[in-house]
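Enquirer: Starting off with a structure, shown below.
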Amino acid sequence: MFESFRKSKILFWTVELLLLATTVWVCTNIGFIFEPIGTFISTLFTPVIISGFLYYLFRPLVNILMKVKINKFKVNRTLAVVIIFILLGTLVALGLIFLIPLLASQIGQLIAKTPTYLAKLQELFNQYYNQFSRYEWVKQLKFENYADKFGKTVEESLQGFMGNVTTSLGTVIGTITSITVTAITVPFMLFYMLKDGHRLIPNIKKILPARSADKTEVLLGKMGDTISKYIGGQAIECSFVATFTFLGYWAIGMPYAFLLGVLAGITNIIPYIGPYIGLLPALILALFVSPKMFFTVIVVCVIVQQVDGNLIYPNVIGKSLDIHPLTIIILLLVAGNIAGLTGMILGIPAYAVLKVMIKYFIDIYRLKNDSEHIEK
């Protein structure tokens, strides 16, 4: 009798479900034990993500510097990391001296002129509304009510935002403290990642069974190469878009050219949707300048995106990801719904790594089957 119960699938799955339900119940009642762990993970999450991003960005550069050899002198890993830190520190210093003040100045100017732009938008709306108001169907839609509500909502939102910035002193201090801690922690993490990161896979290999150690080493190497190539390629591509969008806007006399260029570069990290998100603020501001500026902005964006799509992206990132455009759109929708902007940014590389893993396991399985057929 007990033997039949032991072999019964119903009994097996019943016990499994009961164990799962018991585990969930126990975990929900001892949540206070996991709170310190959650705090620990949330505290380290941002520095680890930033450090990991920079590690995969600069890892190829470390390998290139280590190949430099002048007579008998050869650059070792530590010296290569120090050189990268000197270059990175120089770039950060130049950014703090020249770029950040310019960016902050243009943001301040844009916020100060926002009421003027809203008033001009209301004036343009009234002008066009008066032209079409003689039509009965336009009167029935009551656009003026919606326009007044929209203007009041935007004005209240801006006032609330400025009020929060000026009154929430505790939040501001907390944010500054968090940024300071991250700025201090990230360089130390990045230094040791670049210096000792190459030892991680061999150390993992030592603790794995001998039959799967080599396969795991190859798989982790492929995953690291995929992430590194994607992050490095995206950094070069976004820098190109930001720089040449700024130069294009500056050449045509577009206001806030630097701010709009930086915004275009940042949003370009989101595939397909990003360029349109970066273009939208420029188009809105161009409407307040002139219709000619509106169409000129479109021309600049089209030229930059065409050069990027046909020259930069294929040569920098290439087909290493090999993801169909429809798949990317679905991933963006799902990841954006789950984790917002972070999900849209991290969803594509996460899918690429998962795809590498699945493809590798399929290849191993096929090789194993082929070898078994040959033996037979």
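The values are calculated or read from the model by the stated rules, or taken from the named source; none is laboratory data. Being a predicted model, the structure only gives us computed values, none of them experimental. Note that we place each Cβ from the backbone using ideal geometry, even for glycine, and neighbour counts take in every protein chain shown. Calculation scope for accessible area: heavy atoms of the full protein, side chains included, ligands and nucleic acids excluded. Shrake-Rupley method; radii C 1.70, N 1.55, O 1.52, S 1.80 Å.
Enquirer: Checking residue 316 against (1) modelled with pLDDT under 75; (2) closer than 18 Å to residue 237 by Cα; (3) open to solvent by less than 40 Å² (accessible area, probe 1.4 Å), which single condition isn't satisfied?
Expert: (3)
Enquirer: Only one of 359, 355, 368 is at pLDDT below 65 and either part of a helix (DSSP H, G or I) or over 30 Å from residue 211 (Cα atoms) (or both). Can you tell me which?
Expert: 368
Enquirer: Continuing with this model, one more query. Yes or no: residue 249 more than 19 Å from residue 310 (Cβ to Cβ), assigned to a helix (DSSP H, G or I) and in contact with a helix residue (DSSP H, G or I) (Cβ under 9 Å, 6 or more places away or on another chain)?
Expert: yes
Enquirer: Condition first: in a helix (DSSP H, G or I), modelled with pLDDT under 75 and either on the phi > 0 side of the Ramachandran plot or open to solvent by less than 90 Å² (accessible area, probe 1.4 Å) (or both). Can you find one or more residues in segment 44-66 that meet it?
Expert: Looking for residues that are in a helix (DSSP H, G or I), modelled with pLDDT under 75 and either on the phi > 0 side of the Ramachandran plot or open to solvent by less than 90 Å² (accessible area, probe 1.4 Å) (or both), one finds at least one in segment 44-66, hence yes.
Enquirer: Of 110, 103, which residue is assigned to a helix (DSSP H, G or I), at pLDDT below 85, within 27 Å of residue 243 (Cβ to Cβ) and not polar (S, T, N, Q)?
Expert: Step by step, each of 110, 103 is checked, and only 110 is assigned to a helix (DSSP H, G or I), at pLDDT below 85, within 27 Å of residue 243 (Cβ to Cβ) and not polar (S, T, N, Q).
Enquirer: Within segment 236-249, identify whether any single residue is at pLDDT below 90, open to solvent by 50 Å² or more (accessible area, probe 1.4 Å) and within 21 Å of residue 354 (Cα to Cα), and answer yes or no.
Expert: No, that holds for no residue.
Enquirer: Shifting gears a bit: The conditions are (1) touching a residue at least 60 places away in the same chain (Cβ under 8 Å); (2) part of a helix (DSSP H, G or I), and residue 272 fails exactly one of them. Which is it?
Expert: For residue 272, the exception is condition (2).
Enquirer: Any idea which of (1) open to solvent by less than 90 Å² (accessible area, probe 1.4 Å); (2) without any contact (Cβ under 8 Å) to a residue 24 or more places away in the chain is the one residue 86 doesn't satisfy?
Expert: Result: residue 86 passes all but (1).
Enquirer: Can you tell me which residue within segment 210-232, out of those that are of a type in the set (Gly, Ala, Ser) and open to solvent by 20 Å² or more (accessible area, probe 1.4 Å), is farthest from residue 55 (Cα to Cα)?
Expert: By that ranking, first place goes to 210.
Enquirer: Also, I was wondering about something else. Quick check on this structure: which one of 296, 267 is over 25 Å from residue 108 (Cβ atoms), crowded, with 16+ Cβ neighbours inside 10 Å and of a type in the set (Ser, Thr, Tyr)?
Expert: It is 296.
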